[in-house]
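Here is the structure we will look at, set down as structure tokens.
The values are calculated or read from the model by the stated rules, or taken from the named source; none is laboratory data. Predicted, not measured: the structure shown is a model, and the values here were computed from it. Here the Cβ positions follow ideal geometry from the backbone for every residue, glycine too, while neighbour counts run over all protein chains shown.
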Amino acid sequence: MKYLSVDLEACNTFVKGSVFSVGMVLADENFNILFKRNYLINPLCRFAMKFRKPIEFGITKEDLADKPVFSEMRDEFASYLEDPDTVVMAHSANNDMFMFNEACKRAKVKPFEFRFICTQMIYSAVYNVENGIGLDKVAVQLGRAQFTHHRADDDAEMALYLLKHCLDKTNLSYSEMIRKFGITPGKMHGGSFVSMRCNELNDLRVRRRKQAYALQKKWQREVKKGGVITMHLEPRQFELMKCHSKTLEVRTLDEKRRSVKVGDPIYFIRNSQKPQVLKVIVTGIDAFSSFDEVYSSFDATALGFRGVTLIEYLETMYEIYSDSREYECGVVVFHVEVAKE
């Protein structure tokens, strides 16, 4: 048995199958690497990526002008992917399998036929978490300093190391892990694919949904009792707070908020037809004279913004609070963390 880890990079959000790099790392059954390759491909289109956080590939369209097109590489890829003695894997595999299929359709070549596993899902099952882990964080966790995120062969190699780490952590062989976690590999067939299934992860998600529902009901009862500090958030801000990508809440001061102390709970309420409640604990409080001061004092991501200029930030805040209120009351920043209960 061999292991083949793959990773694909595409260059144009608006052109499906615009693959310009295919990383492949082949290892034997003991995870000894047999080869590591980064196949560069002429995508026959311009680079036009539209992400909230820009990705630096370190490659330009000009660098790819003399590279083969996908149709010329299809059979070489298939010789590795379709080997029945090889376990094919990718991290967040659905994205890569979708790109493989779209690249085949765009190049008008025969689609691939093989089974695959997802190291993202396997990590989630092993570590009992729902959201998985990014490969940049895997590199840190495994102490792999020589790693360039979004370089296809490096990403593929890191996914391979992650599978080995999960097997070592559980002290299981690959076949034992498949049985223990109830894994059914995904399948590429006829230009479409079926995702990998993992019974252990599905059971975890069901348990977490039940826990989240019970916690939501508990927090809603606490709010209904009254005597608590509540703050209303727009859906986007609420979701950012909920997923921990926002850690600060910025408000103008009023009498109710002046009474909040470190260690106190605040209940955020999502403004929508179906209100939700999020309970957080205040871990710190800072006072400022203006939103301008806040913007220059904190990382924009912690404030719930990314790539926003000062003018854009102020326009957003003044849609919520008047400049006279800012001048009269000042601005308070609550540092918060989601309640664990």
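Descriptive notes on the structure:
- Some residue of the stretch 186-202 being in contact with a Gly (Cβ under 8 Å, 6 or more places away or on another chain), in a helix (DSSP H, G or I) and in contact (Cβ under 8 Å) with a residue 60 or more places away in the chain: yes
- Evaluated against (1) within 29 Å of Thr309 (Cβ to Cβ); (2) touching a residue at least 60 places away in the same chain (Cβ under 8 Å); (3) under 27 Å from the mean Cα position of the chain (by Cα), Leu253 falls short on exactly one condition, (3).
- Any hit, the stretch 182-199, residues being hydrophobic (A, V, I, L, M, F, W, C) and more than 30 Å from Asn38 (Cα to Cα): no
- Strands (runs of 3 or more DSSP E) fully within the stretch 241-318 counting 1 or more residues that are modelled with pLDDT under 85 and basic (Lys, Arg): 248-252
- Here Leu240, Leu248, Leu233, Leu253 are screened, and the one residue that is out of contact with any strand residue (DSSP E or B) (no Cβ under 8 Å at 6 or more places or on another chain) and either assigned by TED's automatic domain parsing to the domain that holds Ile320 or within 22 Å of Glu319 (Cβ to Cβ) (or both) is Leu240.
- Among the residues of the stretch 237-282, those that are within 21 Å of Leu215 (Cα to Cα) and surrounded by fewer than 16 Cβ atoms within 10 Å (Cβ to Cβ) comprise Cys243, His244, Ser245, Gly263, Asp264, Asn271, Ser272, Gln273, Lys274, Pro275.
- The residues on offer are Glu312, Glu341, and the sole one that is farther than 20 Å from Lys224 by Cα and among the acidic types (Asp, Glu) is Glu312.
- Residue selection: Ser296 fails the criterion of being closer than 21 Å to His232 by Cα and not aliphatic (A, V, I, L, M).
Yes/no per residue for (1) in the same structural domain as Val194 (by TED's automatic domain parsing); (2) surrounded by 14 or more Cβ atoms within 10 Å (Cβ to Cβ); (3) touching a helix residue (DSSP H, G or I) at 6+ places or on another chain (Cβ under 8 Å):
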site	(1), (2), (3)
Asn12	yes, yes, no
Lys16	yes, yes, yes
Asp28	yes, no, no
Lys61	yes, yes, no
Asp66	yes, no, no
Phe70	yes, yes, yes
Asp75	yes, no, no
Asn94	yes, yes, no
Glu102	yes, yes, no
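- Answer residue from the stretch 197-228, given it is over 30 Å from Arg179 (Cα atoms) and of a type in the set (D, E, K, R) and is surrounded by the most Cβ atoms within 10 Å (Cβ to Cβ) among those: Glu222
- Qualifying residues in the stretch 149-170 (those that are touching a helix residue (DSSP H, G or I) at 6+ places or on another chain (Cβ under 7 Å) and without any contact (Cβ under 8 Å) to a residue 60 or more places away in the chain) - the one surrounded by the most Cβ atoms within 10 Å (Cβ to Cβ): Cys166
- Note on the stretch 274-315: residues that are aromatic (Phe, Trp, Tyr), over 19 Å from Arg258 (Cα atoms) and more than 24 Å from the chain's Cα centre (by Cα) amount to 2.
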